[in-house]
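> Mind having a look at this structure? Questions to follow.
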Amino acid sequence: MQGMLLGDVFPNFEADSTFGQMKLHDFLGDSWGVLFSHPGDFTPVCTIELGRAAQLSPEFSKRNVKLMALSVDSLQEHHDWSKLVMSLHEPGSQFPFPIIADDRRELVEKLGMLDPEEKDRNGMPLSARCVFVIGPDKKLKLSILYPATTGRNFDEILRVIDSLQLTAHNRVATPVDWRPGNSVMVPPRIPETEAATLFPAGIYTKDLPSGKK
Ligand code: BEZ
């Protein structure tokens, strides 16, 4: 299965989740979305990742981003696991976002989220650590695919969302390791004369040995 390409409209799937039955586009409304999958509930890397995502959930909300987790485990396992995660991180609080139960493996197959190297006890491939960022127009804006054996960095996911949201509304590109407040770059397809009008505060140009600026 090829999975999703940037710019594809994300399928308006229906699924069972810890927040009840959900339909993706209705759940998102006008928000951005992050759908991230994990290999299995209760495993060490996944548990710490889920805790970190829950801890950062106010940062995602601030950016108008709704989080959704997913694995091929059952709804009951998701409920039990999310309670455990909250007892470790914020005792007494409700888990802040839905976890989708894809125990029939419909979504992981459709969206190309399986890790063929990691199998369950029946030899079936588990979900990899996929990250899909979906825009308010329901199109795929970014995807990152990690194998089960590599945990994610959720601060990086926030950083790329800051870049995606900035570049969705401004004709700029963000350079390596960019953080909000840092300088941005003029995309190469914008002619210099147009850039001068677009950025009246001024742009810094560096001449390079290649002759390109
Ligand atoms: C974990 O979450 O700890 C894990 C899951 C699958 C493979 C390796 C690690």
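The values are calculated or read from the model by the stated rules, or taken from the named source; none is laboratory data. Everything quoted here is computed from the prediction, not taken from an experiment. Cβ coordinates were reconstructed from backbone atoms using ideal geometry, including for glycine residues, and neighbour counts include every protein chain displayed. To get the accessible areas, we keep the full protein, side chains included, count just its heavy atoms, and leave off ligands, DNA and RNA. Shrake-Rupley method; radii C 1.70, N 1.55, O 1.52, S 1.80 Å.
> Which percent, to the nearest 5, of DSSP beta bridges fully inside the chain are antiparallel?
Values: 21 of 30 bridges.
Counting DSSP beta bridges with both partners in the chain, the antiparallel share is about 70 percent.
> Near Lys213, which aspartates and glutamates are there with a Cα under 20 Å away, not counting those fewer than 8 places off in the same chain?
Leaving aside aspartates and glutamates fewer than 8 places away in the same chain, those within reach of Lys213 are Glu192, Glu194.
> Also, I was wondering about something else. Expressed as an acute angle from 0 to 90° and rounded to the nearest 10, what is the orientation of the C-alpha long axis of helix 75-89 relative to the principal long axis of the chain?
70
> Hey, another quick one. For Ser61 and Ser87, FRET efficiency with R0 = 22 Å and r from the beta-carbon atoms, rounded to 0.05?
The calculated FRET efficiency here is 0.50.
> Leaving out ligands, DNA and RNA, and with a 1.4 Å probe, what % of the accessible surface on the chain is carbon or sulfur? Provide the component values of the computation, followed by the final result.
Working: 6150 of 11760 Å².
The value for the chain is 52 percent carbon and sulfur by accessible area.
> Here's another thing I want to ask about it. If the reach is capped at under 16 angstrom between alpha carbons, list the lysines near Lys138, excluding any in the same chain fewer than eight residues apart.
Lys138 reaches Lys23, Lys66.
> Which of the peptides 192-203, 161-172 is most tightly packed, and how do the rest follow, judged by the mean count of other Cβ atoms within 10 Å per residue?
The most tightly packed comes first, giving 161-172, 192-203.
> What percent does the relative contact order of the range 21-99 come to when contacts are Cα pairs within less than 8 Å and at least six residues apart?
Rounded, it is 37 percent for the range 21-99.
> Residues of the range 8-152: accessible area per residue at 1.4 Å, in Å²?
So the range 8-152 comes to 46 Å² accessible per residue, rounded to a whole number.
> Now a separate question. Which of the peptides 140-147, 205-212, 33-40 is most tightly packed, and how do the rest follow, judged by the mean count of other Cβ atoms within 10 Å per residue?
So the peptides 140-147, 205-212, 33-40, ranked by packing, come out 33-40, 140-147, 205-212.
> With the other protein chains left in place, how much accessible area per residue, in square angstrom, belongs to the range 170-212 at a 1.4 angstrom probe?
84
> Mind giving me the FRET efficiency for His79 and Ala173? R0 is 35 Å, r the Cβ-Cβ distance, nearest 0.05 is fine.
About 0.25, to the nearest 0.05.
> Can I ask one more? What does the C-alpha gyration tensor say about the overall shape of the chain? Classify as rounded when a/c is under 1.5, otherwise prolate if a/b is larger than b/c, or oblate. If you can, show how the numbers build up before the last one.
Details: a/c = 2.18, a/b = 1.98, b/c = 1.10.
Note, shape of the chain comes out prolate.
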